[in-house]
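Step one of this worksheet: look at the structure below.
The values are calculated or read from the model by the stated rules, or taken from the named source; none is laboratory data. Just so it is clear, the model here is predicted, and its values are computed rather than measured. Quick reminder, even Gly has a Cβ in these numbers, built from the backbone with ideal geometry, and neighbours come from all protein chains shown.
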Amino acid sequence: MTVEKNLAKYALFVSFFPQLVAGPIERSKDLLPQLHQKHYFNFNRIKDGLLLMLWGYFEKVVIADRVAILVNTVYGDWKNYVGFQIVIATFFFAVQIYCDFAGYSHIAKGAAQVLDFKLVDNFAEPYLATSIHDFWRRWHISLSTWLKDYVYITLGGNRCSKIKKYRNIMITFLISGLWHGANWHFVVWGGLHGIYNAIGDILKPVRIKLLKLFHVCPESTSFKIGKILMTFAFVNLAWIFFRADSCQVAISIIKQMFKEFNVWIFFDRTSLYNMGLDEIEFKIAAVSVILLYISNIVSYVKPKITIRSMIENQNLAFKYMVYIIVIFSILIFGIYGPEYKASNFIYFQF
């Protein structure tokens, strides 16, 4: 790529507002050439961008901000919660941080699309990843690829001895944690993902032998589901360190989580609905998360087809009914109002 000599276009590149605050992190080779292109009005492109923004707002104000109430309640008073209550709060934090950041990314990408600019995809169903390595191919893609290109590969990548390769992995993920904040709990979060990746690579030959020994088909649906659930469990364990105020608090929360597992919490309203959300709000959150996972599963199974395009292919009455329902869902079920303290996007602080 040639050097950009036009100061105005370079200034526009570094100040391009849709992705300025929290990403996606755009490379100059991807965005700068678009500034030299002619841009035209296109109704279908603009409508698709607005629909993408609409989904981003749904993720943010309906899902992320709602589950944040429960997460903040439990993590802010973690000593009074145990077992499945901690598990639920941690699961909801995983949903919160994903919907918060993916929602922002979708809004940014949609706004850029309205202006006839294409931003990179920042998320690709990360909670359906089948390994930690796969997770980082799907989570905050613009940052993970940046770290891979400018940190991991610069250190030598995997073009070196095994020991140095694992050293490079650990350094890259420790820097990833430090990038989120100069606190030890962020560093530990990054370190855990580094350890996950290193151990996963070390044990790969053992896993292959065990699969052959027990005649397990690695392509079977049941095996993939098992890998997805295990990966999600490890990701959630690391999220505890990310969300907690310190490493000591994170360890204490993990102890509280294993202190007592009372299955009846799911049938006991006094336990399930005293974590910041009443029964109605909790059920709205649950239904919203289910819709989120349905959307992710459809995109996972058919990666080249978006739900927006599937809806667009339906008859006029049906697709506009869906659009109206989504808009009113955001207006009715969104978390805002005079008594609500607005939640900033999580990644605004990083």
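Here residue 240 meets the list (1) over 22 Å from residue 98 (Cβ atoms); (2) surrounded by 11 or more Cβ atoms within 10 Å (Cβ to Cβ); (3) among the aliphatic types (A, V, I, L, M) almost entirely, failing just condition (1). For the stretch 88-107, state whether one or more residues are within 27 Å of residue 329 (Cβ to Cβ), in contact with a Gly (Cβ under 7 Å, 6 or more places away or on another chain), aliphatic (A, V, I, L, M) and surrounded by fewer than 23 Cβ atoms within 10 Å (Cβ to Cβ). Yes, there is a match, as at least one residue in the stretch 88-107 is within 27 Å of residue 329 (Cβ to Cβ), in contact with a Gly (Cβ under 7 Å, 6 or more places away or on another chain), aliphatic (A, V, I, L, M) and surrounded by fewer than 23 Cβ atoms within 10 Å (Cβ to Cβ).
Can you say whether residue 149 is buried (at least 17 other Cβ atoms within 10 Å of the Cβ) and either assigned to a helix (DSSP H, G or I) or modelled with pLDDT of 95 or more (or both), as far as the supplied structure shows? If you could, list the steps in order and put the result at the bottom.
Details: buried (at least 17 other Cβ atoms within 10 Å of the Cβ): no; either assigned to a helix (DSSP H, G or I) or modelled with pLDDT of 95 or more (or both): yes.
Judged against the criteria, residue 149 is not a match.
Within the stretch 275-296, the residues that satisfy the criterion of being more than 20 Å from residue 138 (Cα to Cα) and surrounded by 16 or more Cβ atoms within 10 Å (Cβ to Cβ) are 275, 276, 277, 281, 282, 284, 285, 288.
Taking residue 271 as the residue in question, decide whether it is of a type in the set (Gly, Ala, Ser), under 25 Å from the mean Cα position of the chain (by Cα) and surrounded by 11 or more Cβ atoms within 10 Å (Cβ to Cβ). Talk me through it step by step, then tell me what you get.
Working: of a type in the set (Gly, Ala, Ser): yes; under 25 Å from the mean Cα position of the chain (by Cα): no; surrounded by 11 or more Cβ atoms within 10 Å (Cβ to Cβ): yes.
When the stated conditions are applied, residue 271 does not pass them.
Residue 218 satisfies every condition listed in (1) surrounded by 10 or more Cβ atoms within 10 Å (Cβ to Cβ); (2) assigned to a helix (DSSP H, G or I) except (2).
Annotation note: Cβ proximity below 8 Å between a residue of the stretch 270-290 that is of a type in the set (Lys, Arg) and a residue that is modelled with pLDDT under 95 and not in a loop (DSSP other than H, G, I, E, B) (sequence gap 6+ or interchain) occurs for no pair. Within the set 79, 118, the sole residue that is at pLDDT below 95 and in a helix (DSSP H, G or I) turns out to be 79. A single member of 212, 204 is more than 21 Å from the chain's Cα centre (by Cα), more than 21 Å from residue 137 (Cα to Cα), exposed (fewer than 13 other Cβ atoms within 10 Å of the Cβ) and not hydroxyl-bearing (Ser, Thr, Tyr), and it is 212. Restricting 333, 345 to residues that are closer than 30 Å to residue 183 by Cα, modelled with pLDDT of 70 or more and either crowded, with 17+ Cβ neighbours inside 10 Å or of a type in the set (Phe, Trp, Tyr) (or both) narrows the list to 345.
Can you tell me how many residues in the stretch 50-80 are surrounded by 14 or more Cβ atoms within 10 Å (Cβ to Cβ), out of contact with any Asp or Glu (no Cβ under 9 Å at 6 or more places or on another chain) and not polar (S, T, N, Q)?
The number of residues fulfilling the criteria is 14.
Filtering 82, 114, 151 for residues that are aliphatic (A, V, I, L, M) and closer than 28 Å to residue 334 by Cβ leaves a single hit, 114.
How many residues are surrounded by fewer than 16 Cβ atoms within 10 Å (Cβ to Cβ), of a type in the set (S, T, N, Q) and in contact (Cβ under 8 Å) with a residue 60 or more places away in the chain if we restrict to the stretch 243-268? Please lay out each step first, then the result.
From the stretch 243-268, those surrounded by fewer than 16 Cβ atoms within 10 Å (Cβ to Cβ) are 245-246, 248, 251-252, 255, 258-264, 266-268; that's our starting set.
Filter again for of a type in the set (S, T, N, Q), leaving 246, 248, 252, 262.
Still in the running and in contact (Cβ under 8 Å) with a residue 60 or more places away in the chain: 246, 252, 262.
Number satisfying all stated conditions: 3.
The numbered conditions (1) within 15 Å of residue 24 (Cβ to Cβ); (2) more than 10 Å from the chain's Cα centre (by Cα) are all true for residue 154 except (1).
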